[in-house]
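The next block holds one structure in the form of structure tokens; read it before the comments.
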Ligand code: XMP
């Protein structure tokens with residue numbers, strides 16, 4: 001693999017994704033990993049990520065110079081570029097000329113390999129206080145900017161290079177090309193990481209792991225569990241059984257999507273458990289968000305355990321398939337814990353005492369790769385491109401007690417909003433658009449000749465890269481108008497539609 005050494009910035013995963021877009025497999029490793037361990041992974045190249053603002057900062061992470069002496073191709077980015085400069089004998093100084101944000105980068109000389117024949121000046125994203133003022137000996141300077149005398153250097157023979165700017169972000173329009181040149185032209189890595197090769201690879205691994213055993217997979221209707229199941233189905237066929245729990249908190253059409261479309265696309269064995277009443281009973285009288293989440297999680301596990309016992313009576317079901325993705329793996333191994341803001345319930349986030357061995361065929365993949373794998377496996381767009389939807393479903397989008405009637409009201413309003421957003425071609429522009437029913441709030445309205453006293457529906461359209469932060473999406477007024485008119489006309493209990501214009505932070509995406 002290409003190893004991206006994470007110096008603590010937000011960018012390491014993004015770099016790894018970009019490397020994979022250049023069809024080269026990559027993994028993220030923490031900067032605390034000893035060089036010997038890094039080299040033991042036999043990296044095709046090492047990329048040093050951005051990090052804290054200054055290499056001179058107290059406690060700033062350093063780099064063992066053995067890393068650049070091992071003969072492995074190395075690429076430094078931003079902070080990693082400065083570490084590289086220092087390790088190779090260049091000079092890094094606080095010149096007082098900081099650069100943050102969009103910066104013009106000028107090519108010097110013939111631009112070397114990295115910047116060859118790029119436009120003479122091109123925009124790139126910078127974020128640095130210190131600057132490399134002198135390149136290491138025998139390194140050519142290939143780019144410069146106002147605040148960074150040395151904005152790029154390389155030694156193609158030594159297969160070491162770096163840039164001060166962030167090639168991985170969208171604001172550096174030539175960044176991907178520069179990264180690609182490092183990987184293909186300087187490091188000499190052959191592109192091999194394609195969707196077809198991922199599928200082939202993972203199918204082989206799953207076969208090897210499961211042998212002639214059988215596996216269970218909990219389907220949620222979401223992308224990850226669907227793609228994981230489809231991969232395992234491709235590997236072991238009949239010996240996979242999927243369990244789909246209808247907890248009654250689903251949106252319109254979701255059960256059909258699993259029972260009809262997913263089964264048609266994969267031919268998977270499916271057991272649906274209708275637990276709608278059970279969940280409603282358990283949620284009766286509950287209004288506290290955390291309590292709702294806990295109850296839904298607990299009931300889900302109980303229902304699943306029953307299904308598991310039924311299956312185990314029939315076969316050797318020792319394996320449990322989960323749709324764990326690579327970012328979860330990186331983040332859970334990444335040490336520094338983030339605070340638990342909401343207790344996330346993942347359908348499939350099952351207790352440890354379940355007697356299963358886990359099969360996680362998406363463990364190495366990013367979301368966009370998972371989607372491509374899904375398409376490669378023949379899953380329909382409706383499943384593969386589905387926007388995120390929380391495990392606890394509509395249960396946390398009814399503010400107040402969850403009842404059957406309220407679920408119907410919300411489901412109808414949600415279906416209208418989704419229909420109109422899709423019709424307007426906005427599905428790819430928004431990350432998701434929760435539709436929330438304020439069940440304990442009433443307001444006065446007038447419809448026809450009569451006074452109404454109904455509930456508000458909140459639209460919460462957000463744009464986001466990863467759901468960690470989000471901005472509210474500026475939806476076109478005519479689309480908002482159509483949604484509002486249709487919801488108030490077609491959904492009996494609702495007489496008002498309001499728009500949530502809060503970013504995250506401070507507001508989370510979901511209301512509960
Ligand atoms: P918040 O509300 O925390 O949501 O800003 C961030 C993203 O996570 C989704 N979400 C969940 N997903 N189980 C899930 O699988 C959950 O319990 C859960 N809660 C929130 C939410 O829809 C958004 O995409």
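With both residues required to sit in the stretch 397-499, DSSP beta bridges show an antiparallel share near 60%. Between residue 195 and residue 314, residue separation times 0.36 nm minus the direct Cα-Cα distance comes to 39.3 nm.
Of the beta bridges in the chain, as assigned by DSSP with both residues counted there, near 45 percent are antiparallel.
Note on residue 271 and residue 286: the extension gain reaches 2.5 nm, defined as 0.36 nm multiplied by sequence separation minus the Cα-Cα distance.
Each residue, residue 259 and residue 208, gets one label point 7 Å from its Cα in the Cβ direction; the gap between the two is 4.0 nm. Placing R0 at 51 angstrom, the Cβ-Cβ distance between residue 328 and residue 137 gives a FRET efficiency of 0.70 after rounding to 0.05.
Rounding to the nearest 10 and keeping the result within 0 to 90°, find how far the Cα-based axis of helix 12-21 lies from the longest principal axis of the chain. It is inclined by approximately 90 degrees. Working ranking of peptides 307-313, 10-16 by packing, defined as the average number of other Cβ atoms within 10 Å per residue, highest first, is 10-16, 307-313. Working from Cα positions, state the angle (0 to 90°, nearest 10) between the long axis of helix 404-423 and the longest principal axis of the chain. For 404-423 against the chain, the angle is about 50 degrees.
Restricting attention to the stretch 1-144, close to 50% of DSSP beta bridges with both partner residues there are antiparallel. For the stretch 250-326 and the stretch 374-419, what is the separation of their C-alpha centers, rounded to whole Å? Rounded to whole Å, the Cα centres lie 15 Å apart. For the stretch 421-483, a/c is not less than 1.5, where a ≥ b ≥ c are the root eigenvalues of the C-alpha gyration tensor, and a/b does not top b/c. That puts it in the oblate class.
Distance between the 7 Å Cα→Cβ label points at residue 56 and residue 489: 6.8 nm. Full extension of the chain segment joining residue 40 with residue 10 gains 8.2 nm, where the gain is 0.36 nm per residue of separation less the Cα-Cα distance. Between helix 223-236 and the chain there is an angle of about 80 degrees, using the helix long axis and the longest principal axis of the Cα atoms. With an a/c value under 1.5 for the gyration tensor axes a ≥ b ≥ c computed over the alpha-carbon atoms, the stretch 2-186 is described as rounded. Each helix, a run of at least 4 DSSP H residues, gives -39500 (n - 2.57); summed and divided by the residues of the chain, these come to -9000 deg cm²/dmol at 222 nm.
Rule-based calculations on the coordinates, nothing more; no lab input. A quick note: this is a predicted structure, and the numbers were derived from the prediction, not measured. Note that each Cβ is placed from the backbone with ideal geometry, even for glycine, and that neighbours are counted across all protein chains shown.
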